[in-house]
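The values are calculated or read from the model by the stated rules, or taken from the named source; none is laboratory data. No experiment lies behind these values; they were computed from the predicted model shown. Methodologically, a virtual Cβ is constructed for each residue, glycine included, from the backbone with ideal geometry; neighbour enumeration extends over all protein chains shown. Protein only, heavy atoms only, side chains kept; ligands, DNA and RNA dropped before computing areas. Shrake-Rupley method; radii C 1.70, N 1.55, O 1.52, S 1.80 Å.
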Amino acid sequence: MAGGLSELLTRAPARRRMSVGAAIACFTLVTFGPLVPQFHAQPASRYALTGALADHHTIDLQGYRLGLDRAIYGGRLRSDKSVGQPLLDVPVYLAGRALGAEPAEDLRDTDDLGMWWSTLWSSLVPFIVLVVLMYRFARRFAPEHALPAALAIGFGTLMLPHAVNLYGHVLAALFAFAALVVTEHPAPSPRRLAAAGALAGLAVAVEYHAVIAAAVVFGAVALRERRRSLWMMAGALLPALAIGWYQARAFGAWWHTPFAYYAGQLNGTTSGGYTLPGWRNINAVFAGTRGLLYVSPIVLVAIGAAIWLARTTSGALRRQAAIGLAIMAAYVVLCAGWSGTPLLEEPGPRYAIPALPFLVVPLAAVWSRWRQLAIYATLVGALFMIAAASTFILVQVGHTPLAYLRYAAHRQFATNLWSMALGPVGVICYLGTVAWSVRLLVRAATPERARAPEPVPVG
């Protein structure tokens, strides 16, 4: 009997973790899954490349709607994005076409279910997996506060609205963070290291700047595993070959990136680029019109947590804080130095999204100590980011995040599958399902917050 009771107690936390993960997935799918994104340039460029690959087996995008996110090489129209996400989306796109979705060449401004289908599987589902993975990984270091930390990073930052639209940042974040999770093992096998390398390579294939996170993860592994870390490089070979193949086909040489042939208009010019940032540029990332202080203040709390832990702790927790700080610092410099950052119409420095999951462990570790600050910062970020996700992600250059609240106040919400199917009644049905999913998440999370009962004296 004692052995059976011990086995039951050992298995109980695993069942609880699965129930929380399932509740996170259910809440996210029910709340944000029915939202149908509108046309704009970033998703259109990705979706067009997927459609061209799937329907015509070509990378030529003549005849597709692209907006300003385009490139031209040799007189041929190209996407200005990396090939990773559009290529991975091909099976999803073909499944949608088989179910009756219109081709990408017929992309509409609103109510385009083909775009919605690709967004669901290429952006929102990876977001769900990422939030659950953050929760599961943070449990290793701070079991009691892993859930609020993961939900804060997921739903209280600029990650959320970019998960509801067809961007590549969340998918790249998932692959990069998964590479770290796979390597965090006392004695990682060559197979595990090769898998981590493949994940890191996929992250770069989706978003080139994810090489920052991939390089830091590789460096952290190399410090521990020395020569065995070369297995990571071997695992990254196939994604690297895919990038090189596409760039050779699309732009004449494997080392030619799409950015070199950008042909859209940013601030009235096709010229842009990167310069070493000054203090004003870095300050703008944090406290600019749409800096992290306004759109994702919980990120600043998490950065402070990582700094504090790196100075006051040791061992595995300090290692995670150092990894998170190294990646985040590099991304801040990237966002500060890129000429297009002040012209972004999306909320905040979105290029930093792949760095955010690496802050979940430090945030979870200090949650109880900084609880009130963390909750306040999460609520402020969630207010703006839920508004951005449920309305329209773009605002005019130079405008503040208050634009999202104005969208909501004027009921300029995104099209909803429920309302498309049932009209005004569908809105009631949608709100009812959201309330049900919130209740489900709260019930699943309750054991995470509840204290264990005091032992009953015997005899």
- prompt: So is Q38 of a type outside the set (A, V, I, L, M), touching a residue at least 24 places away in the same chain (Cβ under 8 Å) and closer than 30 Å to L431 by Cβ or not?
  reply: yes
query: Would you pick out the residues in region 342-390 that are hydroxyl-bearing (S, T, Y) and either under 22 Å from R318 (Cβ atoms) or in contact with a Leu (Cβ under 9 Å, 6 or more places away or on another chain) (or both)?
result: Y351, S368, T378, S390
query: With respect to W279, is the statement that it is under 26 Å from the mean Cα position of the chain (by Cα), more than 30 Å from A194 (Cα to Cα) and surrounded by fewer than 18 Cβ atoms within 10 Å (Cβ to Cβ) true?
result: no
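Conditions tested, residue by residue: (1) over 16 Å from I24 (Cβ atoms); (2) open to solvent by less than 40 Å² (accessible area, probe 1.4 Å).
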position	(1), (2)
L88	yes, no
L99	yes, no
E102	yes, no
S118	yes, yes
W121	yes, no
L124	no, yes
V129	no, no
- prompt: Among the helices (runs of 4 or more DSSP H) confined wholly to region 347-437, which include 2 or more residues that are hydroxyl-bearing (S, T, Y), out of contact with any Asp or Glu (no Cβ under 6 Å at 6 or more places or on another chain) and open to solvent by less than 70 Å² (accessible area, probe 1.4 Å)?
  reply: 371-390, 402-409
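To keep it simple, each residue is scored yes or no on (1) open to solvent by 40 Å² or more (accessible area, probe 1.4 Å); (2) under 24 Å from the mean Cα position of the chain (by Cα); (3) on the phi < 0 side of the Ramachandran plot.
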| position | (1), (2), (3) |
| --- | --- |
| F175 | no, yes, yes |
| R191 | yes, no, yes |
| A200 | no, yes, yes |
| A210 | no, yes, yes |
| G219 | no, yes, yes |
| W245 | yes, no, yes |
| A250 | no, no, yes |
Matching residues, region 288-323, being more than 22 Å from the chain's Cα centre (by Cα) and either on the phi > 0 side of the Ramachandran plot or in a helix (DSSP H, G or I) (or both): I307, W308, L309, A310, R311, T312, G315, A316, L317, R318, R319
Close pairs from region 151-162: first under 17 Å from G33 (Cα atoms), partner open to solvent by 10 Å² or more (accessible area, probe 1.4 Å) and aromatic (F, W, Y), Cβ under 6 Å, at least 6 apart: none
